[in-house]
Amino acid sequence: MKKRAIAELVTGRKAVDGAGVHLVRVLGSPTVRTFDPFLMLDAFDSHNPDDYIKGFPTHPHRGIETFTYLMRGRIDHEDSLGNAGSIVDGGCQWMTAGSGILHQEMPLPSRQMLGLQLWINLPRDRKMVDPEYRDIKADMVPAVEEGGARVAIVAGEYKGMAGATRGDHVDVTFLDISLKPGALWSMETRPQETVFAYMVEGECELSGDGGVIPHRNACLFTLGDSLSLVGGAEGARFVLVSGTPLREPVAWGGPIVMNTDEELKQAFFELEDGTFIRHAPHGKAG
């Protein structure tokens, strides 16, 4: 078996988005090619509500899926499909923007706002699918305890166990993993998939390699069919994400991601003339 190694470490940069939300943009336009099909990863970690309560008022998306995973805190949301509700500790939402959706996400004051939002690119032939929303509660996420590791299977599958959801358009695995200090954790991976980890708490070391993944860093791994990590001195909590790269051209403008500049211009034209949304509301509170 060929073990994966560290290909790239990404620290990200502090940014302000929405109406004034302070976050760390870990993945973005500089990493689009190497982290394909993952476009963007924003990390939230704050004990100060002033950093995030202005939220993300109503805004559009097209051509992507957004996956919001909240470890601690609360976010109220609603969208043009008619969905409305709250994401709370351990919950997440998977939103397929497809042909176009309007939504808003408004974090509420809490002791800590800790979470991630991942943007997943849609392939060319799925860019304009009907939008869809999935609400995933914490008690829907199965977890496996093995040795010094706890693996919560948020999306995809792990060692034959199905997670809380799976991608309809891009086959994504999303695991939330906690390791005790010095604990060894290993898994098999599909050799050609993009696999990366984001270290939420603590740090990890690659088994036998000596390479360290520091706190609040994303690590892209080399291609291979297995991965082995060891918890650092204070243990570690990280998400492990994988998916098959699309290898398609990317035309990205703000909240919209298409394949060509012409498609991008058309989307913004439709926003201006009121023809962007092509669906009727049919959602329900979540």
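The label-point distance for Phe269 and Gln112, in a model that sets each label 7 Å from Cα toward Cβ, rounds to 4.9 nm.
As a length-normalised measure over Cα pairs under 8 Å and 6 or more apart, the relative contact order of the chain settles at 21 percent. Seen against the Cα atoms of the chain and their longest principal axis, helix 261-273 is set at about 50 degrees. In this structure segment 123-242 gives 42 Å² per residue of accessible area when probed at 1.4 Å with all protein chains present. Exposure check, 1.4 Å probe, all protein chains in place: His169 carries approximately 50 Å² of accessible surface. Each helix, a run of at least 4 DSSP H residues, gives -39500 (n - 2.57); summed and divided by the residues of the chain, these come to -1500 deg cm²/dmol at 222 nm.
Look at the alpha carbon pairs under 8 Å that are at least 6 residues apart: their mean separation over the length of segment 12-69 gives a relative contact order of 34 percent. As a test question: what accessible area, to the nearest 10 Å², does Lys3 have when a 1.4 Å probe is rolled over all protein chains in place? Here the residue's solvent-accessible area equals roughly 110 Å². To put it simply, the accessible area of segment 16-64 at a 1.4 Å probe is 53 percent carbon and sulfur.
Enumerate the residues in segment 151-165 having an amide nitrogen under 19 Å from the point lying 7 Å beyond the Cα of Ser226 toward its Cβ. So the set is 158-160.
Of the options Leu114, Gly18, Ile75, report the single residue whose Cα projects farthest towards the positive end of the charge dipole of segment 6-243 (beta-carbon charges: Lys, Arg +1; Asp, Glu -1). With unit charges placed on the Cβ atoms, the residue in question is Gly18.
The values are calculated or read from the model by the stated rules, or taken from the named source; none is laboratory data. Computed from a prediction, not measured in an experiment: that's the story for all the values here. Please note: Cβ atoms are built from the backbone with ideal geometry, for glycine as well, and neighbour counts cover all protein chains shown. Side chains are part of the model used for accessible areas, which takes the heavy atoms of the whole protein and leaves out ligands, DNA and RNA. Shrake-Rupley method; radii C 1.70, N 1.55, O 1.52, S 1.80 Å.
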